[in-house]
Ligand SMILES: [Zn+2]
C-alpha cells in the first residue's frame, strides 16, 4: 500500500485517490474467537502540500466474523471506519512520518483496523444472551 509521493510531485498531480485490498494480519483482531472475513478494503484521498506533508483521508471496511459476545452463536458485523491523518517528512511524535518519497500506508491501516474494532460482536442488536429457561 504505497503512495509514490515523489512521482506524484514530478507529474504535478498533488491530489488523488487510492484503493487497495489488504490481507490483514490475524493478530490485529482483538476480540476472542473473531476474525476478519476476507480482505480489508482500503481507499481514500490524498493531498500533497507545499512542505511535502501529505494529508490523507483513509477509509477502511471489513467483515468481522466470530461468536456473539453474549450468546456465542455465530455473528458478523461489517465495520466501516474513516480517519483523517497527516504524514510529515519529520517525526513529530504525533503524526505519521515518511521519507519524503514514498508513503507506506501499512502502519496507518493497521492502526485503523485496531481503532475501528467493536468491543463486542452481537448476533443481533437486541441479543439478550443465553437465556436460562
Ligand atoms: Zn447473541
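Derivation of every value follows stated rules applied to the coordinates shown; laboratory data play no part. Here the structure is a predicted model, which is why all the values come from computation and not from measurement.
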Rg to Rh, two decimals, where region 49-109 supplies the alpha carbon set and Rh follows Kirkwood: 1.22
Globularity index of the chain, i.e. its alpha-carbon radius of gyration over 2.2 N^0.38 Å: 1.30
Relative contact order of region 2-116, pairs being alpha-carbon contacts under 8 Å that are 6 or more residues apart, as %: 26 percent
Region 29-75: radius of gyration over Cα atoms, expressed as a fraction of 2.2 N^0.38 Å: 1.79
The chain: most fluctuating residue of 73, 21, 50 per GNM, C-alpha cutoff 10 Å: 50
Principal-axis tilt of helix 106-116 within the chain, Cα atoms, nearest 10 degrees: 40 degrees
